[in-house]
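Down below is the structure, laid out as structure tokens.
The values are calculated or read from the model by the stated rules, or taken from the named source; none is laboratory data. Everything quoted here is computed from the prediction, not taken from an experiment. Positions of Cβ are backbone-derived with ideal geometry, glycine not excepted, and every protein chain shown enters the neighbour counts.
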């Protein structure tokens, strides 16, 4: 069968179109007749030479059909008279202008303005939440234009296309006219009195134009026997339904948020389930940043009448519960203000500046350089590590760098410095409240402070301000006194601090330069950590992400002495502090309530956790509580994970079960807990009112803040288990001990009032006294006596420690220190990584200096520059 | 009116119904495809049946249920549409043939009666 040339096709179609009306009048089916003519021409031309049917052949054969035919452009002239060109249909110039203006131009302009500025999205509702909405709205002016063209230029009519499009786009325009219906009266008044308000009216104007053109189209096709447009009863609801379908996730998200923030716990759970199944994560994120006005469109009004709009904090909580990640851990949505600018840009204001939360990551702020310097005193069982951090800020505004840092188990911050004008300045240590007040005052004046405060057991919050804008840097140093931690296989380990949560990123080229002296070290955990041991110590470069995971270094070839002592030179009576390794309690609980966090972040640890739970000694009666949306008592193989779950209800249930009989305990295996729970007080109450109740052992998988542990840290029965190996491997050791295997040991530090050191004890360093002081402060902090608290603060200031009662701050000027009633640490009293001089050596230096001074005074008159 | 015009008009009116009868009779012997039918009818002397007339007629007959169609692929050209009489078509043809024979007979009788006078 031969192909037809385009010209032949055009010639044939033109002929057919002109015959359509006659054929209909004659009672025939025009399309059938056209097909027959086409087949007939095909039969006629099949035997002819040539590979395709050209316009001349079609013209020749059509002329035989006994009907006048217009010759094709290239066809030879014949005697057949040409039919006159059809007249345009009745859309007069006024109609054309009006429809062109209000049906085509105005909707197109509205779409462009909204797309570029997000004006409507910022104040009313977002009409373009997805690109499909933009396509739908874009179709409206296109359809109206095509319909106009078909009616005005019948030479190239698009009957079928316009028939479908006109109906569909009327449905779309109807939907938006409905959504803007509340604003319509105001827009009309605005036009009448101020000449403004055309944009909100564009859906309605497009709908009116669409109805008019549709009536014309139907009339013309009926009159001229053209193909009838697709029925309106089908296309209009289809267009409307498409938009409703697109809006459905948004509506369901609002309903879900409404349910998830009600007072009824069961309704909240159903709301979370609805959101996870049908909700729009994008919409939820948008709502977490910007609450939209609920009175501006009928759909919102409808939802709002059932579920009043919750506060934005509640929406943010719902976002975490649904997705398992805090709203500020993901890239902010593109939200624009009324002038089209981005609401959340790289230079957005940091609302948590100088606050006590780490909050959202700030773009452009990075940890650029990092180094660990330290000295291990293996025999003394202590180490001192200095972590130097250099922050860089690429944004155009000054930034505060904030991080929550997990210290090694039992460690304490004993030094803090900040580089101001190239000079390293020491911090002042004081009570938490006064130090924070001093910091906030200075931040308000945009000067140079750094603040370190404790936020939980072994957790500190570091805040530095300002990291200068446009690529400026800020350098600070944390000195940490660390007790060596008993590790598997009889080894002792030095754990390094790690970042749990930060508002800065890690620079792509970041490496942590590590240089530790005093012992040979080998990585016990920490991916990518490789160290070289030499006579100088252990050195190596750690990958940038190493500080976000557990990193412990095992001490090789040496172990701490059983008894170590050091004299507290800063106390008036100069007592001896003794540190001893004593057996740790190993009694297994009789009843163990295991609470497993059902959050999505725990999914990757599911297998490791099941293997661990199988190792719980058989003599321990264990019950597993899954902290999902509802508390579930289940078997290890029935664990399931979704979203971000509130663990406190499960902890409450676990406490109740474990406390039914004496000897109970709660083991809590969890991921980060970035949100507080409304039931935290109930949990605190249980441990505070029953101090001898079941202890809580908490083990965190992965990084991230843990607000619940921060709250529970004030209770004596809360124990955050040390994370040396990570991913639950440390728990194996605990279960081994409960099964009666191994000989656990722990440090015990005591003060011997005015006594001489015990016989056979090894002399340690002042870090031993710092660790004892930290222990004492922790005990005193739990006391309700005012004088005990004052003693705790005094002790912390004496030994320059960051504890539950004290913080450290570096200010810029002496005046600022005076105003805050703080005194910066004397550099000669702060710890250093160089060996501390013995007392005898210090006395010798003092005598030498005195002699030198006397000699100088005696001979000074001989010097020419002394008058 | 010119007698030539009058005759032309009369012929057109007569041919309108006559052509339907021809088509139905052509199909009485069995199904035929459109092109074949057109060729056959084109050979009728004095009828001058063109495709422009035939195909609309066939379409109308199909819509009236007098003929039925089926498509069959052709190796040499486009698919062929075969037309065949339906039962209603046969019944109609029978009546039409009878009616035309009666008309011719009556016309003949009228003419013979005039000649006898």
Fill in: Which numbered condition residue A:808 misses (of (1) over 19 Å from residue A:464 (Cβ atoms); (2) modelled with pLDDT of 85 or more)
(1)
Item to complete: Would you check if residue A:261 is closer than 23 Å to residue A:330 by Cβ and without any contact (Cβ under 8 Å) to a residue 40 or more places away in the chain?
Response: no
Discussion item. So, residue A:582, is that one surrounded by fewer than 15 Cβ atoms within 10 Å (Cβ to Cβ) and in contact (Cβ under 8 Å) with a residue 12 or more places away in the chain or not?
Written reply: yes
Worksheet item: For the range A:572-581, does any single residue satisfy the condition of being in contact with a helix residue (DSSP H, G or I) (Cβ under 8 Å, 6 or more places away or on another chain), under 25 Å from residue A:771 (Cα atoms) and not assigned by TED's automatic domain parsing to the domain that holds residue A:730?
Response: yes
Fill in: Every residue from the range A:403-429 that is out of contact with any strand residue (DSSP E or B) (no Cβ under 9 Å at 6 or more places or on another chain) and either closer than 14 Å to residue A:803 by Cβ or in a strand (DSSP E or B) (or both)
A:423
Worksheet entry | Only one of A:860, A:846, A:820 that is farther than 26 Å from residue A:771 by Cα and at pLDDT 75 or above | A:820
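So that you can scan it fast, the table gives a plain yes or no per residue for (1) surrounded by 15 or more Cβ atoms within 10 Å (Cβ to Cβ); (2) more than 9 Å from every other protein chain (Cβ to nearest Cβ); (3) assigned to a loop (DSSP other than H, G, I, E, B); (4) at pLDDT below 80:
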residue: A:9; (1), (2), (3), (4): yes, yes, no, no
residue: A:17; (1), (2), (3), (4): yes, yes, no, no
residue: A:23; (1), (2), (3), (4): yes, no, no, no
residue: A:27; (1), (2), (3), (4): no, no, yes, yes
residue: A:36; (1), (2), (3), (4): yes, no, no, no
residue: A:44; (1), (2), (3), (4): yes, no, no, no
residue: A:58; (1), (2), (3), (4): yes, yes, no, no
residue: A:72; (1), (2), (3), (4): yes, yes, yes, yes
residue: A:75; (1), (2), (3), (4): yes, yes, yes, yes
Fill in: Matching entry among A:230, A:218, A:173, A:206 (being in a helix (DSSP H, G or I) and closer than 23 Å to residue A:24 by Cβ)
A:218
Discussion item. Residue A:818 - would you say it is closer than 25 Å to residue A:459 by Cα and either outside the structural domain of residue A:376 (by TED's automatic domain parsing) or touching a strand residue (DSSP E or B) at 6+ places or on another chain (Cβ under 6 Å) (or both)?
Written reply: no
Item to complete: Take residue A:547 and decide whether it is in the same structural domain as residue A:657 (by TED's automatic domain parsing), surrounded by 15 or more Cβ atoms within 10 Å (Cβ to Cβ) and either touching a residue at least 60 places away in the same chain (Cβ under 8 Å) or in a strand (DSSP E or B) (or both).
Response: no
Item to complete: Go through (1) in contact with a strand residue (DSSP E or B) (Cβ under 7 Å, 6 or more places away or on another chain); (2) buried (at least 19 other Cβ atoms within 10 Å of the Cβ); (3) over 25 Å from residue A:606 (Cα atoms) one by one and return the number of the condition residue A:669 breaks.
Response: (3)
Discussion item. Condition check: more than 26 Å from residue A:374 (Cβ to Cβ), outside the structural domain of residue A:668 (by TED's automatic domain parsing) and in contact (Cβ under 8 Å) with a residue 24 or more places away in the chain. Does residue A:621 satisfy that?
Written reply: no
Discussion item. Going by what's in this entry, would residue A:654 be described as at pLDDT below 90 and crowded, with 22+ Cβ neighbours inside 10 Å?
Written reply: no
Worksheet item: What do you reckon, is residue A:690 farther than 28 Å from residue A:406 by Cα and either in contact (Cβ under 8 Å) with a residue 24 or more places away in the chain or within 30 Å of the chain's Cα centre (by Cα) (or both)?
Response: yes
Worksheet item: Of all the helices (runs of 4 or more DSSP H) wholly in the range B:9-117, which have at least 3 residues that are modelled with pLDDT under 80 and away from chain A (no Cβ under 13 Å)?
Response: B:87-116
Practice prompt. Inspect all residues belonging to the range A:376-383 and state whether any of them is in contact with a helix residue (DSSP H, G or I) (Cβ under 8 Å, 6 or more places away or on another chain), in a strand (DSSP E or B) and buried (at least 23 other Cβ atoms within 10 Å of the Cβ).
Written response: yes
Worksheet item: Which of the residues belonging to the range A:708-728 are out of contact with any helix residue (DSSP H, G or I) (no Cβ under 8 Å at 6 or more places or on another chain) and outside any loop (DSSP other than H, G, I, E, B)?
Response: A:709, A:710, A:719
Discussion item. Being crowded, with 24+ Cβ neighbours inside 10 Å and closer than 21 Å to residue A:805 by Cβ narrows it down to one residue among A:478, A:484, A:494; which is it?
Written reply: A:478
Worksheet item: How about the range A:226-240: which of its residues are more than 11 Å from residue A:170 (Cβ to Cβ) and surrounded by fewer than 17 Cβ atoms within 10 Å (Cβ to Cβ)?
Response: A:227, A:228, A:231, A:233, A:234
Response to the item:
Taking the range A:77-100 and keeping only residues that are surrounded by 14 or more Cβ atoms within 10 Å (Cβ to Cβ) and at pLDDT 80 or above, one is left with A:95, A:96, A:98, A:99, A:100
Discussion item. Residue A:106 - would you say it is more than 14 Å from chain B (Cβ to nearest Cβ), under 30 Å from residue A:217 (Cα atoms), surrounded by 15 or more Cβ atoms within 10 Å (Cβ to Cβ) and at pLDDT 80 or above?
Written reply: yes
